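Taking it in order: structure first as C-alpha cells, then the write-up.
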C-alpha cells in the first residue's frame, strides 16, 4: 500500500519534471517547477526526512519559485517593448540530437550501474551518530551532524553564501540606474495582511530555530522563513531597502564571523578547531544557530533584492506570455 | 468518536478533491479561484476538526486551529490578488475552450467607471 | 495599550507553537521583538487609510457567522462542480459598500472571497464601488453581502450605516 | 524494491532527463531550471541510497540540507548574472549557439569563446555609460 503510494508519487514527480522540461511557455515551466518542489517535499516526508521537507517547501519551492517568477517577469516586461526578439525565445537551434541523447542515456545507464554495484558501507553512520549524540549537546540528530559532527560543512556553506551575496552586490547596477525606479506597488490588502501576519512569521521562524535542538527544524529552515518574511515585506511595498545599507551588511557577515570566532576561540584552551567545550555545547550551538538564522535569512533576502530592477512592477507579467 | 473523526477527515479530503475538480472543470480563471479557495477552505477546516480530538494537549489543538486561520488569511488574500491581477490585465478568458454561456459576460461589455489605477 | 494587544497575541502564539514547553529564555526576547515589529508595521500601515479598532468581544460571534458561511460556500461550490455540466453562471457585480474606507473595508475585500459565490476583483480607493465576481448571477448576492457588511460593522465597532447599497 | 530505492531510481531518471534538457535547451533560464532539477535528483539518490535496506540516516540528510541552501544561493546568483547578461546584451542565450553551423574546429571554438568573454567584459565595463537597449526602456512607465 505504502509502496503503491510511493510509486504514484515518484511518477508524478517525474511527470512534473517532464512538464518543466517540455513546456513551451516559460512561465508555465516555472509554475511546474514550483509544483515539482512541493512534490519533492512530499517525497522527503516519505523518505523520513522532515527537515528536508521543511527546507524544500520553504526554499526549493517557495524562494526559488519567487526568484524564477521574478526573473521571468523581468524578461517578459522587457520583451513587451522589444517585440522583435519574441520569436527567439522558444526556438531550439538545429543542432544534432544524437549527442545529448547519447550522453543522457549513457549517464542513466552508468548511474544505474553505480546503484546496482555499489560497495557496501564499512561503517554504519547512523550507529555512530546514535552513539555520540549524548555528547553533542543537542537531541536532534540532524542538528548534531550539522553543528557538531560535521560543522566544517556548515561553516563553509555560510562562507559560500557570503561569497554569493558579495558577487551579487558587485553585479548590482550603478546607483543612477536605479533612481528612476517606480515606487513599489502598493496593494492595500496585501499591505495590511503583511503588516499583521509578519510578527507571526517571525515567531514561527524563531520557533523552528528553537525546535531544531529537539526535533526537525533548525537554522536553515528558520532562516528560510525569515527570508520569506522579508521578501513579503518588500513585495507588499514596505520600504525595506532603506535599512539595506546599514543593517544588511552587518547581518550578512554576522553568522560567519560568530561561527568562526567560536571555532577559533576554543583553540585558546588548547582544543582543536571547531570543537565545543564540554557542558557548553548546547548553549554554544544554539547561539551559533541563532546568528546563522539571522544571517541566512538576510543573505537569502538580499540575493532576492539585489536583482536588477525590471521595468514592470512587482506583478507577474509572465502570464502575458500564456498562449 | 474515532468513526466521527474518520468521517470528518475523509470528508475534508473529499472537499480538496472537489476543489481540484472545480479547478479543472470550470473554464474561466475567476470561477476556478472560487472553486479552489472555498472548497479547500472547508476541506482543511474539516481535516482540522477531524484531527482535533486526537490532539495531546490544549496548545496542540490550538496550533491546529492556528494553522487553519493562517491558511485562511493567506488564501483570502491570495485569491483577491490573483483575481485583481487577472482583472487588471484582462486575462479573464482562458485561451482554450469557450465559456458555456455568455449571458452574464459583464467584464468586457460594461464600461468600467473606476479609473484603472494599477501598480504600473 | 498599543503594545498590549500585540504583546498578548505574540505571547499566545509562542505558547501555542512551543506547546507550553516553558521555553521562555528564547521566548521572551522573541516575543518582545515581534511586538515591536508589529507596532512598527502598524505605524507604517496607517499612512493613508484610517485604522479601525477591532472589538474583541464581537470576535466569537463573527467567527460563528464565518464558520457557517464557509460551510455554505464549500457546499455550494461542491454542488456546482459535481453537476454533469458545471452549474455556474459567472458575472460581474458592481457593488457599493457602506463600510467606511480603511481597515474594515480591506478586511471586507479580502474575506468576501471566502463567502459563498463572491470574489473581490477590484478595489477603488476613491469611490465606494467594489467590483465583485460572482459565481451565479441568478442568486441575490447583494443581500448576502449586506449581511456580511453588518457583521463586519459589528466586529469593528462601526456605526451602523444608513446608506443602502445598490448593486448594478 | 523499497521506497528508498524507488525514489533513488527516480532521482537517476531526473538527473538523466535534466542533463538532456541542459544540453538541448539554449535558453539560459531553462538551463537554470534544469540544473535545479538535476540537483534535486542528486539529493534523491544520496538520501535514497543511504537509506536503502538500512535505517534512517541523518548524515546524508544533513548534507542534503546544506545542499538545498547552497543550491538556492547558486540559483539566485545565476539569475542575477543572467539578468545582468540580458540587460547588457539583450539576449537570453549565449553567443556560441548562434553560429550558423556547428563546427568541430578547435581554434574557431576557442575564438568564439574569447569573443564572448571580451564582449561580456566590454559590456560590464560600459556599465556606467549608455545602458543597453532593454534597460534603456526602463523610463517608459
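The values are calculated or read from the model by the stated rules, or taken from the named source; none is laboratory data. If you're wondering where the values come from, they're calculated on a predicted model, not measured in any experiment. FYI the Cβ positions are ideal-geometry reconstructions off the backbone, even for glycines, and counts take in every protein chain you see.
Laid out as a table, the results:
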read-out: Residues satisfying the stated conditions in segment D:61-77, i.e. surrounded by fewer than 23 Cβ atoms within 10 Å (Cβ to Cβ) and within 14 Å of residue A:142 (Cβ to Cβ); value: D:63, D:66, D:67
read-out: Out of B:46, B:70, B:64, sole residue that is part of a helix (DSSP H, G or I), out of contact with any strand residue (DSSP E or B) (no Cβ under 9 Å at 6 or more places or on another chain), modelled with pLDDT of 90 or more and within 9 Å of chain C (Cβ to nearest Cβ); value: B:46
read-out: Condition check for residue D:47: over 11 Å from the mean Cα position of the chain (by Cα) and more than 16 Å from residue A:107 (Cβ to Cβ); value: yes
read-out: Candidates A:23, A:76 - the one that is more than 19 Å from residue A:11 (Cβ to Cβ) and at pLDDT below 90; value: A:76
read-out: Among the candidates B:85, B:30, B:80, residue that is at pLDDT below 85 and either outside any helix (DSSP H, G or I) or under 19 Å from the mean Cα position of the chain (by Cα) (or both); value: B:85
read-out: Criterion: outside any loop (DSSP other than H, G, I, E, B) and modelled with pLDDT under 90 - qualifying residue of D:15, D:81, D:32, D:37; value: D:81
read-out: Which listed residue, of A:147, A:111, A:125, A:47, is more than 30 Å from residue D:88 (Cβ to Cβ), modelled with pLDDT under 85, under 27 Å from the mean Cα position of the chain (by Cα) and outside the structural domain of residue A:299 (by TED's automatic domain parsing); value: A:125
read-out: Residue in segment B:9-21 that is farthest from the other protein chains (Cβ to nearest Cβ), counting only those that are over 10 Å from the mean Cα position of the chain (by Cα) and surrounded by 19 or more Cβ atoms within 10 Å (Cβ to Cβ); value: B:12
read-out: Wholly within segment C:9-111, helices (runs of 4 or more DSSP H) carrying at least 2 residues that are more than 10 Å from every other protein chain (Cβ to nearest Cβ) and more than 30 Å from residue C:126 (Cβ to Cβ); value: C:24-45, C:59-82
read-out: Residues located in segment B:59-80, provided they are without any contact (Cβ under 8 Å) to a residue 12 or more places away in the chain and either over 17 Å from residue A:236 (Cα atoms) or surrounded by 19 or more Cβ atoms within 10 Å (Cβ to Cβ) (or both); value: B:59, B:60, B:61, B:62, B:63, B:66, B:69, B:70, B:77, B:80
read-out: Selected residue (only one of C:127, C:81, C:103 is touching a helix residue (DSSP H, G or I) at 6+ places or on another chain (Cβ under 8 Å) and either surrounded by fewer than 20 Cβ atoms within 10 Å (Cβ to Cβ) or modelled with pLDDT under 85 (or both)); value: C:103
read-out: The listed residue being in contact with a helix residue (DSSP H, G or I) (Cβ under 8 Å, 6 or more places away or on another chain) and buried (at least 21 other Cβ atoms within 10 Å of the Cβ), out of A:67, A:42, A:38; value: A:67
read-out: Residue D:8 at the interface with chain A (Cβ under 7 Å from one of its Cβ atoms), surrounded by fewer than 22 Cβ atoms within 10 Å (Cβ to Cβ) and either within 16 Å of the chain's Cα centre (by Cα) or part of a helix (DSSP H, G or I) (or both); value: no
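Okay, residues lined up against (1) crowded, with 16+ Cβ neighbours inside 10 Å; (2) at pLDDT below 85:
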{"residue": "C:108", "(1), (2)": "yes, no"}
{"residue": "C:116", "(1), (2)": "yes, no"}
{"residue": "C:138", "(1), (2)": "no, yes"}
{"residue": "C:158", "(1), (2)": "yes, yes"}
